[in-house]
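No lab work stands behind these numbers, since they all come straight from the coordinates. Bear in mind the structure is a predicted one, so any value in this text is a computation, not a measurement. We place every Cβ from the backbone using ideal geometry, glycine too, and count neighbours over all the protein chains shown.
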Amino acid sequence: MIPGPFELVRPGTVEDAVAALVEHGDDAKILAGGHSLLPLMKLRLAMPSVLIDIGRIPGLSYVRVEGDEVAIGAGTRHHELEKDPVAQAEVPILPYVASQVGDPQVRHRGTIGGTVAHSDPASDLPTALLALGGSVVAQGPDGRRSIPVTEFWLGFFETALEPDELVVELRVPRTGSAGWGYEKFTRRANDWPIVAAAAVEGRVALANMAGAVVRATATEEALARGASIEEAAALAAEGTSPSADMHADAEYRQHLARLLTRRALEKAAGAGAAAA
Amino acid sequence: MKVSMTVNGQQRTDEVEPRLLLAHYLREVCGLKATNIGCDTTSCGACTVVVDGLTVKSCTVLAAQADGAQVTTLEGLAGPDGELHPVQRAFREEHGLQCGFCTPGMVMAAIGVLADNPDPSDREVREGLEGNLCRCTGYHNIVRAVRTAAQAGPTAGQVPQAQEVQA
């Protein structure tokens, strides 16, 4: 399969990338690792007439502590996050979840900014980021703005980004040694999750239970009231509307949401003993 | 557009369409047909090559994204005198193939596994090769081959031209 024809633009700075977005508008798509976009283009599910390749812009790959937060450059590839010592010490759920994306070859190419901007409800890292809290930093023609993760993913392939904005950074709270859990259910090793649950400090997020990644609010409220993990996890599927496909029907996904939430919360309660 | 890259140690420049995939560039422009295109959907790993020290699935990378890079395919592994790379040798010794279609991708991915972990356990090899499918299901011998190759030392996790494969 071959993508449809397009013009390739290779900006040298984020400002030039934004200028290209302004110039080409809806006809343009940002290309980073390309591991979400190129498959869609090969299937002709996406046919942008302009691709803006940000892969050559220097300085977009980093993980660093800034006050109470960890800042992660949008161009940080999954394998870089997986091995990053700062991420491992300050926000260990992220390197673990990065290691669960696809397979090694995919992790060598895919970027955190790309998976965030793509908004596939079955993505691993957005699920973990939604459970962590924090924000997405976007840059547009008027400069940078910060969008809370709870307001970022609006639906299937739909985000709060304006057409002339690009994701430049992710900011997450430092969780240090606080417990966390990430449970992903797949049929094949390198697949997207059929359902996944991330738990950090009483917050729970789910993959593939709606049009976008979602928080399990009923579970979180029950935990805040002092409910047991078992009671709280039993509420994980409340208000969700998962789709049905060849892997699972909606009812089975709701079962998985409850089960994986319980396991993720149990791992989180085991304080740091979360690595599967 | 023009792209320049080093393929198996040879510097080359070609005029390509921006939409040309690296897998097609290697096969059709460079004439290097060891790199197979299997699923064409980033799943099977048959098209795995090493780009700037990292394994990638070349069906999901534009040739333009590899502009300026060092690319190694299966053809670039053996020495000038035909001496096999330690991973190739181990695949032969342990009969790590049946029909052979997945083999070029398996060998390249195995080099990446050994670069990341020079002495992997069976389980670590299986996890490291999760992005490569063998539809003959010949996995046992493939895993054995990777562990045999590990005994050759650090060269098993490297490609020639002194390009070090990174984790």
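The helix-only estimate of mean residue ellipticity at 222 nm for chain A, built from DSSP H runs of length n ≥ 4 each weighted as -39500 (n - 2.57), is -9000 deg cm²/dmol after division by the residue total.
Report, as an integer, the average count of C-beta atoms from other chains found within 10 Å of each Cβ along B:36-48. Write out the running numbers ahead of the final one.
Working: counts 0, 1, 0, 0, 5, 4, 13, 7, 1, 5, 0, 1, 3.
Mean number of neighbouring Cβ atoms from other chains: 3.
When restricted to Cα atoms, the protein assembly as shown yields an Rg and a Dmax of 21.9, 72 Å, respectively.
Order of A:Met41, A:Met209, B:Met108, A:Met246 from fewest to most other C-beta atoms within 10 Å? Could you put the intermediate results ahead of the total?
Working: A:Met41 22, A:Met209 28, B:Met108 31, A:Met246 6.
In order of increasing Cβ crowding within 10 Å: A:Met246, A:Met41, A:Met209, B:Met108.
Farthest towards the positive end of the charge dipole of segment A:197-276, among the residues A:Ala224, A:Met246, A:Gly270, is the Cα of A:Gly270, using unit charges on the Cβ of Lys, Arg, Asp and Glu. Mind checking the angle between helix A:14-24 and chain A's longest principal axis? C-alpha axes, 0 to 90 degrees, to the nearest 10. Between the helix axis and the principal axis of chain A, the angle is about 70 degrees. Using a Debye calculation, one point per C-alpha and no hydration shell, please list log10 I(q)/I(0) for segment A:40-86 at q = 0.16, 0.19, 0.25 Å⁻¹ in order. Scattering profile of segment A:40-86, log10 relative to I(0): -0.63, -0.74, -0.92. 3J(HN,Hα) along segment B:100-108: x, 5, 7, 4, x, x, 4, 5, 5 Hz, from the Karplus curve 6.51 cos²θ - 1.76 cosθ + 1.60 with θ = phi - 60°, whole Hz, x for Gly and Pro.
The Cα atoms of segment A:61-171 cover 34, 31, 22 Å along the three principal axes, with the biggest extent listed first.
Suppose every K and R has +1 on its Cβ and every D and E has -1 on its Cβ; what is the size of the dipole of segment A:180-269 about the Cα centre, in Debye to the nearest 20? Please report the intermediate quantities before stating the final value.
Values: 11 positive and 12 negative charges, 50 e Å.
Value, rounded to 20: 240 debye.
Radius of gyration over Kirkwood radius for segment B:86-158, both on Cα atoms: the Rg/Rh ratio is 0.91.
Relative to its residue count, segment B:2-74 spans a Cα convex hull of 72 Å³ per residue. Scaling against 2.2 N^0.38 Å puts the C-alpha radius of gyration of chain B at 0.97. The long axis of helix A:250-269 is offset from the longest Cα principal axis of chain A by roughly 80 degrees. Taken along the Cα-to-beta-carbon direction at a fixed 7 Å, the label points for A:Glu231 and A:His255 span 2.6 nm.
Plugging the Kirkwood radius over Cα pairs into Stokes-Einstein for segment A:7-56, at a temperature of 37 °C and a viscosity of 0.692 mPa s, what D comes out in µm²/s? Can you show the working numbers first?
On the way: Rh = 10.9 Å.
Rounded, D is 301 µm²/s.
Note on segment A:7-56: dipole from Cβ charges, positive end direction compared against A:Ala20, A:Ser36, A:Ser49; the farthest Cα belongs to A:Ser36.
What the Cα convex hull of segment A:1-145 gives, in volume per residue, is 114 Å³. Remark: spin-label model distance A:Ala269-A:Arg144 equals 4.0 nm, labels positioned 7 Å along the Cα→Cβ axis.
When the gyration tensor of segment A:128-248 is built from Cα positions, what are the square roots of 5 times its three eigenvalues, in whole Å, from largest to smallest?
Working: eigenvalues 137, 75, 37 Å².
With the √(5λ) rule applied to segment A:128-248, the semi-axes are 26, 19, 14 Å.
If R0 is 56 Å, what FRET efficiency do you get for B:Thr155 and A:Arg174 from their C-beta distance, rounded to 0.05? Working from the Cβ atoms, E equals 0.85.
In which sequence would A:Asp53, A:Asp191, B:Asp81, A:Asp142 go, from the one with the fewest C-beta neighbours within 10 Å to the one with the most? Mind showing how you got there, number by number?
Details: A:Asp53 21, A:Asp191 16, B:Asp81 5, A:Asp142 10.
Result, fewest neighbours first: B:Asp81, A:Asp142, A:Asp191, A:Asp53.
Just rank A:Ser123, A:Ser177, A:Ser49, fewest to most, by other beta-carbon atoms within 10 angstrom. By the 10 Å Cβ count, ascending, the order reads A:Ser177, A:Ser49, A:Ser123. What the Cα atoms of segment A:72-122 give is an Rg and a Dmax of 10.2, 28 Å.
Under a point-charge model restricted to the Cβ atoms of Lys and Arg (+1) and Asp and Glu (-1), what is the dipole moment magnitude of chain A relative to its Cα centre, in debye to the nearest 20? Show your work: numbers first, answer last.
On the way: 25 positive and 36 negative charges, 166 e Å.
Taking the Cα centre of chain A as origin, the dipole is about 800 debye.
Exposed loop sites here mean trypsin sites (Lys or Arg not before Pro) with a DSSP loop assignment and at most 11 other beta-carbon atoms within 10 Å; chain A contains its longest site-free run at A:45-186. Among the GluC sites (Glu not before Pro) in segment B:61-157, those placed in a DSSP loop whose Cβ has at most 14 other Cβ atoms within 10 Å are B:Glu83.
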